[in-house]
Amino acid sequence: MKSLKPNWSLLFVLAVTLATTGCKPADENKAASSGAAGKPTVALVMKSLANEFFSTMEKGAEAHQQAHAADYELLSNGIKDELDVSKQIELVEQMIAQKVDAIVIAPADSKALVPVCKKAQQAGIVVVNIDNKFDESVLAANGVKFPFVGPDNRKGAKAVADFLAGKLKAGDPVMIIEGSPNAYNGLQRRLGFEDAVNAAGLKIVASQSGYWETDKANQLVASLITEHPETKAVLCANDSMALGAVPALRAAGKLDSVLVVGFDNIAAARQLIQEKKILATADQHGGQLAVFGIEFALDTLKNKTTPADRETPVDLVTAENLSAK
Amino acid sequence: MTKPNETSPAWRGLIADYAGLLIALGLLVVVFSLATRHFFSPETFRTIANQIPAAVLVATGMTFVLIVAEIDLSVGSVAGLSGAVLGAALTQWQWPLWAALLAAMGAGAFCGTFNGLVSLKWRLPSFIVTLGMMEMARGGAHAVTHSQTQYIGAAIERIAITEFFGLSLPFLLAMVVVVVAQVVLTKSVFGRYMFAVGANENAARFSGLNPKRIRLTVFILCSSLAALAAIIDTSRFQSSNPNAGTGFELQAIAAAVIGGTSLMGGRGSVVRTLLGVLIIAVLNSGLASIGAKDEIKRLVTGAVIITAVIVDYYRTRMIRGRAA
């Protein structure tokens, strides 16, 4: 391919886009950093706002700030693409330059974000880790610690899979559709699924990554169900992938004989649960997650001590408890 | 050019044209069938037939755009926007199905018109304009859906599950589009104009053609096909996700290039693009069936694309050598 003439112009445009997107208008930033004396500024740094889970999280945080407008200023930012790790590092650097008082971060990568957060901590900023936990070994290698406020994904996934196992019998074959291979929470969910599956004596016939996406999971499940037609259940590491698994099973004529579970409790999945096409999902209260982190940061700022890690709840969602609500 | 040589019988031209791709496809099927228990089964082929319609439509539009020496990077986002409009119209605005479908197609056609008018009016590379549209349409998809997956349910399902002779409506639709597009390319005046504009714009203009009008039509066609693809995928998943279609543009370009479409314009065939889509689909399905690791899947898929381009280089040289 000796074509694609305007290659350098692509680079230029990419550079411009990277430099502009994600940066909030300058006046907003200024207002925040010069914030009224005594009122701390908390920066919320999230992963992709394109993901329903994080947009819900941001809305929860904004509602909380409006209710507590006298207590703190909120500066919330997300990245365009969940895998755009370098952009998130730049965001944290910008927040350090803004001299915010606290950073509440859901790291896009549990290892790559450690050094820049260490820099923030050394600059006297309170750093609170939410949602996706930093990697212990990288934290140790950098000689830092950040308090973690978030759900135990492994426990949540185990609860979903335990509920599923109750509907199956020992020896039944199941498949796991994993999240992105580089995401800590994806790994934890897989481990949680495996904990329950092994405890119940089920057999894992396939375990592959659907990269968190509906269409990728759909293709994957469609191929896997042909290869392993005896499968009794599909465990998906998030609801978007469960939404892809259901039509693949329907196309194979197996929707009635194969159970599907997801994770995240998005609105679309709740409806499929009521239609009995998905068996269960897990709610980790995304809307509240950032709020827990912000409250934690405010406590730390006020009391000048670091409270212990805080585990937030993960609840099992099934047709029974949906109709009860 | 992919047109059969007039002095030899048509079938010989056809075989020479498609043999390489068909052999590659056949080889993949044989390899995966030997490596797995159930790959070689009607279910696999039905599954692939269910999955490819959206990709075929987008790749067909992309082939047209590439033939006239342009590129459209916005197809994935335009599909996302059209799907979002469809979902929002059915759930938030409570529109009847026909109106929602019309709105989805309209959103696609609008984006194509914008791409075409802006890049032609200011003589901007379509690479840049459609890169901008890629962002704008994705933003629009998120605005319309409030970044939430819209669950539609049975209202939309019947498009995907309607079957004739065991073949799904989307599959038949995609095949009809391929046949019509191929006939337009090889037999119609418009098709000849497309090749002429793509191969040598100045020559085309001196012979009295209006390259701008032809290119604008092609941009609109391409975005409209992306909208149609979005309708099919929305129906298949019974829901519209604002991130749907991410990466479609690269898949479509890959399929067209595997099928021997030139990124420099003036050369391409929709049927060969279809074979390109099939090769990628068989590869995806087969690699999943043998349980290949993700890194292996990506390595292999990338290597197949590059190999196809190298093979195509020799094929073109061979054909030119014979013609001389």
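The values are calculated or read from the model by the stated rules, or taken from the named source; none is laboratory data. The shown structure was predicted, so the numbers you read here are calculated from the model rather than taken from an experiment. So basically every Cβ, Gly included, is an ideal-geometry build from the backbone, and we count neighbours across all protein chains shown.
Tabulated results
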| item | result |
| --- | --- |
| Residue ID - farthest from B:SER126 (Cα to Cα), chosen from residues in segment B:228-243 that are at pLDDT 90 or above and within 13 Å of chain A (Cβ to nearest Cβ) | B:SER235 |
| Residue in segment A:275-297 that is over 26 Å from A:SER55 (Cβ atoms), in contact with a strand residue (DSSP E or B) (Cβ under 7 Å, 6 or more places away or on another chain) and among the β-branched types (Val, Ile, Thr) present | no |
| Breaking point among (1) within 13 Å of chain A (Cβ to nearest Cβ); (2) under 25 Å from A:ALA245 (Cβ atoms); (3) of a type outside the set (Ser, Thr, Tyr), for B:LEU278 | (1) |
| Helices (runs of 4 or more DSSP H) (entirely within segment A:103-202) containing at least 3 residues that are of a type outside the set (Phe, Trp, Tyr) and not assigned by TED's automatic domain parsing to the domain that holds A:ASN51 | A:153-165, A:184-199 |
| Any hit, segment A:253-260, residues being modelled with pLDDT under 95, surrounded by 21 or more Cβ atoms within 10 Å (Cβ to Cβ) and not in a loop (DSSP other than H, G, I, E, B) | no |
| Qualifying residue in segment A:226-237 (condition: within 8 Å of chain B (Cβ to nearest Cβ) and in a helix (DSSP H, G or I)) | yes |
| Residue in segment B:127-140 that is at pLDDT below 95 and among the aliphatic types (A, V, I, L, M) present | no |
| Residue list for segment B:131-153, filter: in a helix (DSSP H, G or I), within 7 Å of chain A (Cβ to nearest Cβ) and small (Gly, Ala, Ser) | none |
| Residue within segment A:82-98 that is of a type outside the set (Lys, Arg) and within 26 Å of A:LEU316 (Cα to Cα) present | yes |
| Criterion (more than 12 Å from every other protein chain (Cβ to nearest Cβ) and crowded, with 24+ Cβ neighbours inside 10 Å) met by exactly one of B:LEU27, B:LEU22, B:LEU90 | B:LEU90 |
| Test for B:SER235: is it free of Cβ contacts under 8 Å to residues at least 12 places away in the same chain and of a type in the set (S, T, N, Q) | no |
| Test: residue in segment A:305-318 that is surrounded by fewer than 17 Cβ atoms within 10 Å (Cβ to Cβ) and in a helix (DSSP H, G or I) | no |
| Qualifying positions in segment B:111-127 - crowded, with 18+ Cβ neighbours inside 10 Å, under 20 Å from the mean Cα position of the chain (by Cα) and not small (Gly, Ala, Ser) | B:CYS111, B:PHE114, B:ASN115, B:PHE127 |
| Enumeration of residues in segment A:49-75 that are touching a residue at least 40 places away in the same chain (Cβ under 8 Å), within 14 Å of chain B (Cβ to nearest Cβ) and small (Gly, Ala, Ser) | A:GLY60 |
